[in-house]
Ligand code: FES
């Protein structure tokens, strides 16, 4: 389990580690979008990880290529469908 804090609501949740950030956000009812079913193809699940970035799985090729095409990408950007939660607490900003 890990602690997931979501901005702008500021709500914190205990969620399972080892699942995608997208699944975790959806499971707690936060308004995360997904148009491609978690295939790194739609960019709808783009979030900014403000705390605990290193706790997430490393960015793989498909995610990296998709992130490259997003305007306004920052070093904290992740596709929630591709980021797997680790054990350390994280904070994400919904975009
Ligand atoms: S759900 Fe489509 S890129 Fe993540």
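Every number in this text was worked out from the coordinates using simple rules, so none of it is lab data. Small disclaimer: the values here were computed from a predicted structure and weren't measured. Here the Cβ positions follow ideal geometry from the backbone for every residue, glycine too, while neighbour counts run over all protein chains shown.
Points to keep in mind about this one:
- Using a cutoff of 8 angstrom between alpha carbon atoms and counting only pairs six or more residues apart, the relative contact order for the chain works out to 43 percent.
- From the largest down, segment 2-94 spans 31, 24, 22 angstrom on the principal axes of its Cα atoms.
- Working from label points 7 Å from Cα in the Cα-to-Cβ sense, the residue 54 to residue 39 distance is 3.5 nm.
- Between 71, 51, 15, the GNM of the chain built on Cα springs shorter than 10 angstrom shows 71 fluctuating the most.
- Per-residue [θ]222 nm for the chain (sum of -39500 (n - 2.57) over DSSP H runs n ≥ 4, rounded to 500): -4000 deg cm²/dmol
- GNM top mover of 17, 48, 57 - the chain, alpha-carbon springs below 10 Å: 57
- The chain: most fluctuating residue of 62, 24, 44 per GNM, C-alpha cutoff 10 Å: 62
- Zero-based 5 Å bins, Cα pair distances in segment 51-95, whole percents: 5, 21, 33, 26, 12, 2, 0
- Length released on extending from residue 1 to residue 65, taking residue separation times 0.36 nm less the Cα-Cα span: 20.1 nm
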